[in-house]
1. How big is region 31-91 by Rg and Dmax over its Cα atoms, in Å?
2. On full extension of the chain, what length is gained from Thr55 through Asp21, given 0.36 nm per residue of separation minus the C-alpha to C-alpha distance?
3. Assign unit charges at the C-beta atoms only (+1 for Lys and Arg, -1 for Asp and Glu), then state the dipole size of region 31-91 relative to its Cα centre in Debye, rounded to the nearest 20.
4. Would you mind ranking His84, His70 by Cβ crowding within 10 Å, fewest neighbours first?
Amino acid sequence: MMSDPTKPPPVPDGIPQIQIDIDDATAQGAYTNLVLLNHNDNEFVLDFAYVQPATPRARVRARILSSPRHAKRLLRALELNIRHYEERFGRIEEPELPPFPSGVVS
């Protein structure tokens, strides 16, 4: 029997199901090509910015504050999703970039 594609996948026992609401403006998203990372003992700060070509300025489009525990879960989720992406679409090439200051990811 084929599963219904309109139904969400089953949730493993013990994991609560969460309904996510998103407003229209947030649902549009914001393109970024630079992330500035910082942390202290209580939190990680991720500033997502956009650098326009041939312009030495970047504008922060979103700032995300996260606990260290959640930041580590995010890292693991990104690693897993990148692995799945590359299995499906091929290796993501990483061009040689000039060195950035500590905490900056382009």
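Where a number appears in this text, it was derived from the coordinates with a stated rule and is not lab data. Keep in mind it's a predicted model, so treat the numbers as computed, not measured. Please note: Cβ atoms are built from the backbone with ideal geometry, for glycine as well, and neighbour counts cover all protein chains shown.
1. For region 31-91, the Cα-based Rg and Dmax read 14.2, 38 Å.
2. Details: separation 34, 0.36 × 34 = 12.24 nm, distance 3.58 nm.
Going from the current span to full extension adds 8.7 nm.
3. Numbers: 11 positive and 6 negative charges, 26 e Å.
So the dipole magnitude of region 31-91 works out to roughly 120 debye.
4. Details: His84 10, His70 13.
Going from sparsest to densest Cβ surroundings: His84, His70.
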